[in-house]
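Just below is one structure, and these are the notes that go with it.
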Amino acid sequence: MTLYSYANHGDCPWTEHAIKRFKLAFPRLQLCLEEYLRPLRWFTRLKNLLLSFFPQYAHFILNYRLPHAGKEYCRLQSEIPDATWIINYADGVTQLNGLPKAGKIIVETLDSKIVLASKVANGSPTSLRNLLKLRNEIACLNSVSGLVSISPPEKAMFQLLTRNSNKFYIPAYFKFEKEVIEAYSLEAKFRFDLLFVASDSVFNVQGFQDFAESNASWLYKYRICLVGLMCGNEQVVQIAKKYKNISLLGYVPDLSNIYKASKTVISPTDGTGLMIKVVDALLHGTPVFGSAHTWLVLLLCQSRFPAWPSLR
């Protein structure tokens, strides 16, 4: 297996420290890095623009290659001509310097571009900007071999909007053990009353901010623990400064002990995904208080996990 990535990624650049951590964690995995240079970046923007207005020409647009760009990408294709390519996000389809010439291409969609864009900007899904994004997204997804969705609602959405017959949703995570649920006891010595495990995405930050503001009258009574990259967000840090009962633990590699030390988990977020934080909490036998969006996604999934505890 090989991980191909742009070294100067806009959100998560590959620093020397990150490379060392990667090689330590995945010694058998080859890491292939390449600079995302300005010509290729502008070429990606051009492809996205053309796909939005001329999605019927997606095959030609996505397969065209910018000369003398993406040398490592070309090398990988020549060395492993029949490889299966798994691309993160639909955006990754246009960020590559042309789609691979051979082998299967699978897109791990993670989030729908049209839904994510409208929620992040708090705009209308029917705006011209978002409708052009939808044309772009569907054109990209119709040009690959298969799709992996993050949740049942997104799989259903792609089934309706794309002609691609290979659409997957993988609901199995860890083997469910009944003993895990039975191990939960109100008599245990809990360190925290409420636990929120989250990344630094805009949905998690905004969700916790709204949660803190709407429940300010009683929030100070409970021991609250925040875990994940969200702890580094300035808005979250400012909220934590107001309440001495909020603990920011940051990134925690193994969450098992944190779940055991917490009475309940909260998920006050909106978004587009599966809410893996809630799946993980339920598998550890920890009760969950969730937002309306959490309810919607988890209720659709719950039929696949009949032994899960009830969602509150």
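The values are calculated or read from the model by the stated rules, or taken from the named source; none is laboratory data. Predicted model only: the values in this text are computed from it and were never measured. Cβ placement follows ideal geometry from the backbone for every residue including glycine, while neighbour counts extend to all protein chains displayed.
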Subject >> The listed residue being among the hydroxyl-bearing types (Ser, Thr, Tyr) and over 25 Å from residue 35 (Cα atoms), out of 52, 78 >> reply: 52
Original post:
Pairs, please: C-beta under 6 Å, at least 6 apart or cross-chain, first residue of a type in the set (A, V, I, L, M, F, W, C) and in segment 255-271, second in a helix (DSSP H, G or I)?
Top reply: 265/281
Original post:
at pLDDT 90 or above and surrounded by 22 or more Cβ atoms within 10 Å (Cβ to Cβ) - does that describe any residue in segment 270-289?
Top reply: no
